[in-house]
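Visitor: One structure follows; several queries about it will come next.
The values are calculated or read from the model by the stated rules, or taken from the named source; none is laboratory data. None of the values given here were measured: they were computed from a predicted structure. Note that we place each Cβ from the backbone using ideal geometry, even for glycine, and neighbour counts take in every protein chain shown. Protein only, heavy atoms only, side chains kept; ligands, DNA and RNA dropped before computing areas. Shrake-Rupley method; radii C 1.70, N 1.55, O 1.52, S 1.80 Å.
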Amino acid sequence: MIAMYWCELAWLGSLDGHVVEGVTVAVDGDRITHVATATKPAPGDIRLVGLTIPGLVNGHSHAFHRGLRGRTHGGTGTFWSWRDTMYDLAERLDPDSYRALATAAYAEMALAGFTTVGEFHYLHHGREGVPYDDSNEMSCALAEAAATAGIRLTLLDTCYLRSGVGPDAELNPIQRRFSDGTFDGWVERVDAFRLESPVTRFGAAIHSVRSVDPSAMTAVAEWATHAGTSIHAHVSEQPAENEQCLAVYGRSPTELLADRGALGGRFTAIHATHLTPTDVERYAATGSTVCICPTTERDLADGIGPTAAFRSSGIPMTIGTDSHAIVDPFEEVRAI
């Protein structure tokens with residue numbers, strides 16, 4: 001059934017921000033099929049008063065981080081001390097509480113103007129990493145939460161195999177909830193959910209160079225290419241990550257991911273904060289995208305990546321709310 005909307009004022013996407021008066025928009029299901037300008041409202045049109053803009057995309061979300069609001073700014077600390085608090089929260093969640101928390105987080109996004117969210121999902125299993133009877137029960141909770149909140153979901157299922165850079169970095173008990181043990185275990189679980197949940201959009205994610213060994217990076221990239229999906233990864237969020245990667249592999253995280261075949265038109269680097277000029281050149285040369293999360297990066301004192309270099313190099317930039325301490329797309333842009 002086609003719905004007709006008449007917008008008093010509408011921004012139609014021109015780079016100069018031109019606002020048009022009297023715009024009629026035809027919508028069939030979840031797709032805009034026609035836009036007409038200089039129109040008057042017709043009988044039966046749904047009238048939208050004020051300024052109408054296109055729905056926005058939240059490119060990077062960890063829904064369960066929403067449970068940390070009010071504690072993210074609690075005193076002094078670092079990313080690493082904040083991570084310990086996040087792990088404490090992750091340890092307590094189960095499918096029911098995760099569904100409720102994600103529903104609230106997604107509803108808040110919808111109210112803020114986001115109509116699509118990319119969920120960087122790595123909280124997969126029960127305590128100590130014991131799978132639920134349905135190994136994708138936590139993924140199902142997210143899909144149900146998005147449907148309830150009325151937001152499109154791209155589930156970026158995340159491969160997470162170890163706790164740090166190097167082969168001896170064993171998972172701690174909480175991190176075992178994030179891991180499928182091996183790349184093959186990850187593929188088996190992801191493919192099962194992808195086949196049984198056709199309404200959810202899928203993508204792949206490499207958590208970071210800290211959490212996936214190089215051979216698995218290649219395997220995830222090849223899986224994403226074969227499946228025709230996007231691939232995301234946290235990249236150079238912390239100076240310590242860069243130092244460890246250089247010490248073990250002799251390369252920056254970006255260079256390592258490039259060597260393993262991850263970069264390209266389907267790749268998005270999350271945060272991309274502490275980059276070298278060579279890293280920036282690699283993203284530009286491969287057509288990769290960067291997703292920055294300014295309020296999270298600002299609040300955790302991580303710094304914000306070289307956005308001027310991204311722009312001058314023609315690297316597409318998107319935004320994400322990440323930790324959800326704030327859910328406001330305009331504040332994300334102002335914080336750059």
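Visitor: Of (1) more than 18 Å from residue 118 (Cβ to Cβ); (2) under 16 Å from the mean Cα position of the chain (by Cα); (3) not aliphatic (A, V, I, L, M), residue 316 satisfies all except one. Which?
Guide: Of (1) more than 18 Å from residue 118 (Cβ to Cβ); (2) under 16 Å from the mean Cα position of the chain (by Cα); (3) not aliphatic (A, V, I, L, M), only one is false for residue 316: (1).
Visitor: Restricted to region 105-148, and to residues that are among the β-branched types (Val, Ile, Thr) and within 17 Å of the chain's Cα centre (by Cα), which residue is least open to solvent (accessible area, probe 1.4 Å)? Reasoning before the result, please.
Guide: Going through region 105-148, the residues among the β-branched types (Val, Ile, Thr) turn out to be 115-117, 130, 148.
From the residues that got through so far, the ones that are within 17 Å of the chain's Cα centre (by Cα) too are 115-117.
Numbers: 115: 66, 116: 18, 117: 1 Å².
So the residue we want is 117.
Visitor: Suppose we filter region 275-305 for residues that are over 19 Å from the mean Cα position of the chain (by Cα) and surrounded by 14 or more Cβ atoms within 10 Å (Cβ to Cβ); how many remain?
Guide: Residues meeting the conditions: 8.
Visitor: Oh, and also: Let me confirm something: among 210, 260, which residue is of a type in the set (D, E, K, R), open to solvent by less than 20 Å² (accessible area, probe 1.4 Å) and within 25 Å of residue 187 (Cβ to Cβ)?
Guide: Result: 210 is the single residue among 210, 260 that is of a type in the set (D, E, K, R), open to solvent by less than 20 Å² (accessible area, probe 1.4 Å) and within 25 Å of residue 187 (Cβ to Cβ).
Visitor: For residues that are under 16 Å from the mean Cα position of the chain (by Cα) and either modelled with pLDDT of 95 or more or open to solvent by 40 Å² or more (accessible area, probe 1.4 Å) (or both), scanning just region 228-257, find the one that is farthest from residue 165 (Cα to Cα).
Guide: Per the stated criteria, the residue is 229.
Visitor: Quick check: is even one residue across region 180-196 within 24 Å of residue 82 (Cα to Cα) and at pLDDT 95 or above?
Guide: No; the residues of region 180-196 include none that is within 24 Å of residue 82 (Cα to Cα) and at pLDDT 95 or above.
Visitor: Across region 19-44, which residue is least open to solvent (accessible area, probe 1.4 Å) among those that are among the hydroxyl-bearing types (Ser, Thr, Tyr) and not in a strand (DSSP E or B)?
Guide: Per the criteria, the residue is 39.
Visitor: Among the listed residues 98, 160, which satisfies the condition of being open to solvent by less than 30 Å² (accessible area, probe 1.4 Å), under 20 Å from the mean Cα position of the chain (by Cα) and over 30 Å from residue 253 (Cα atoms)?
Guide: Being open to solvent by less than 30 Å² (accessible area, probe 1.4 Å), under 20 Å from the mean Cα position of the chain (by Cα) and over 30 Å from residue 253 (Cα atoms) holds for just one of 98, 160, which is 98.
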